[in-house]
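Chemist: The structure's right below; bear with me while I get my questions together.
The values are calculated or read from the model by the stated rules, or taken from the named source; none is laboratory data. Note that this is a predicted model, so its numbers are computed, not measured. Backbone-built Cβ (ideal geometry, glycine too); neighbour counts: all protein chains shown. These area figures cover heavy atoms from the full protein model, side chains too; ligands, DNA and RNA do not enter into them. Shrake-Rupley method; radii C 1.70, N 1.55, O 1.52, S 1.80 Å.
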Amino acid sequence: MRPGESVHPGESVTSSSARLHHRADGPTSGPPVLLGPSLGTTLHVWDELVPMLARRHRVLRFDLPGHGGTAADVVPAGVSMAALADLVLELADGYGYARFAYAGISLGGAIGAHLGVHHPDRLTALALVCSSARFGEPQGWHERIAVIGEQGMAPMVARGAELWFAPGFVQRAPERIRGLLADLATVDPVGYAACCAALGGFDLRADLGRISAPTLVVAGLEDIATPPTHARELADGIPGATLVELAQAGHLAVIEQPAAVGQALTAHFEARDSTAR
């Protein structure tokens with residue numbers, strides 16, 4: 001199905017018109033919302049939230065390079081966050097969306113923050129979920145890239161549950177976690193390394209004040225990958241930003257607390273729908 005063709009709310013389509021593999025849900029006439037995943041996950045990380053968001057919005061969710069259905073070679077090895085953001089803009093352009101709302105988890109949030117700073121005219125609203133203005137020292141990402149180059153994705157799969165979830169969730173939802181780790185195991189190490197390079201070179205701390213889109217920041221209070229202090233730095237630095245902190249949620253708060261995150265995103269986006277074109 002090509003961009004612009006009609007689907008009923010709740011149906012999904014996959015289009016090959018953009019380099020990012022993606023799915024579309026919701027009414028074609030609805031205000032557009034783009035959803036970016038975190039490193040190591042696919043567009044399915046948003047599965048629990050799509051039914052809520054797609055009641056009135058046109059929801060596009062995509063896979064990162066080397067993840068899910070997106071080829072690893074859509075970006076060069078030493079990719080920057082700007083290159084990832086350009087792929088998202090290409091996706092939006094393919095659907096004719098001059099302006100759109102955007103929500104992203106972790107790396108997906110960093111893409112959104114980059115858009116907010118460098119392409120403010122494209123965003124009607126922004127939501128940063130368990131994300132950061134800077135994801136640690138570049139050396140740590142270089143070391144991870146070296147490990148992946150030598151051992152593949154196995155070391156990341158071994159630590160995935162620890163990095164992604166609050167301890168109690170591992171016992172409550174073992175099947176969901178196994179599915180996410182299975183997706184992580186299929187990630188192309190080349191694409192994963194490219195995304196790590198983008199994170200290693202990312203530092204938006206001095207530019208947060210340039211984000212003018214109405215912004216929601218969501219934090220998991222048990223997030224060890226991007227601790228709540230990172231979310232507070234985002235909320236403090238972005239003019240007028242709203243901060244929501246969720247108890248009993250780790251890095252993938254959209255999995256652990258889908259209702260709470262979904263309600264926050266829906267309210268945030270619906271308040272700005274009239275500005276989407």
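Chemist: Quick one: in the stretch 75-89, of everything that is among the hydrophobic types (A, V, I, L, M, F, W, C) and part of a loop (DSSP other than H, G, I, E, B), which residue is nearest to H114 (Cα to Cα)?
Modeler: Checking each candidate, the answer is V79.
Chemist: I'd like to know if the stretch 19-35 contains one or more residues that are among the β-branched types (V, I, T), at pLDDT 95 or above and open to solvent by less than 20 Å² (accessible area, probe 1.4 Å).
Modeler: Yes.
Chemist: Scanning for something at pLDDT 95 or above, within 18 Å of A127 (Cα to Cα), out of contact with any strand residue (DSSP E or B) (no Cβ under 9 Å at 6 or more places or on another chain) and of a type in the set (A, V, I, L, M), does the stretch 54-70 turn up at least one residue?
Modeler: no
Chemist: For A92, only one of the following conditions fails: (1) more than 13 Å from A198 (Cβ to Cβ); (2) open to solvent by 20 Å² or more (accessible area, probe 1.4 Å); (3) small (G, A, S); (4) assigned to a helix (DSSP H, G or I). What is its number?
Modeler: With (1) more than 13 Å from A198 (Cβ to Cβ); (2) open to solvent by 20 Å² or more (accessible area, probe 1.4 Å); (3) small (G, A, S); (4) assigned to a helix (DSSP H, G or I) applied to A92, the lone miss is (2).
Chemist: In this structure, does L39 turn out to be in contact with a His (Cβ under 9 Å, 6 or more places away or on another chain), assigned to a helix (DSSP H, G or I) and either crowded, with 24+ Cβ neighbours inside 10 Å or hydrophobic (A, V, I, L, M, F, W, C) (or both)?
Modeler: Judged against the criteria, L39 is not a match.
Chemist: Name the residue that is nearest to F202 (Cα to Cα), counting only residues in the stretch 213-254 that are open to solvent by less than 10 Å² (accessible area, probe 1.4 Å) and part of a helix (DSSP H, G or I).
Modeler: Checked the stretch 213-254; the qualifying residue nearest to F202 (Cα to Cα) is L234.
Chemist: Shifting gears a bit: Within the stretch 102-114, does at least one residue satisfy the condition of being surrounded by 14 or more Cβ atoms within 10 Å (Cβ to Cβ), under 18 Å from G66 (Cβ atoms) and among the polar types (S, T, N, Q)?
Modeler: yes
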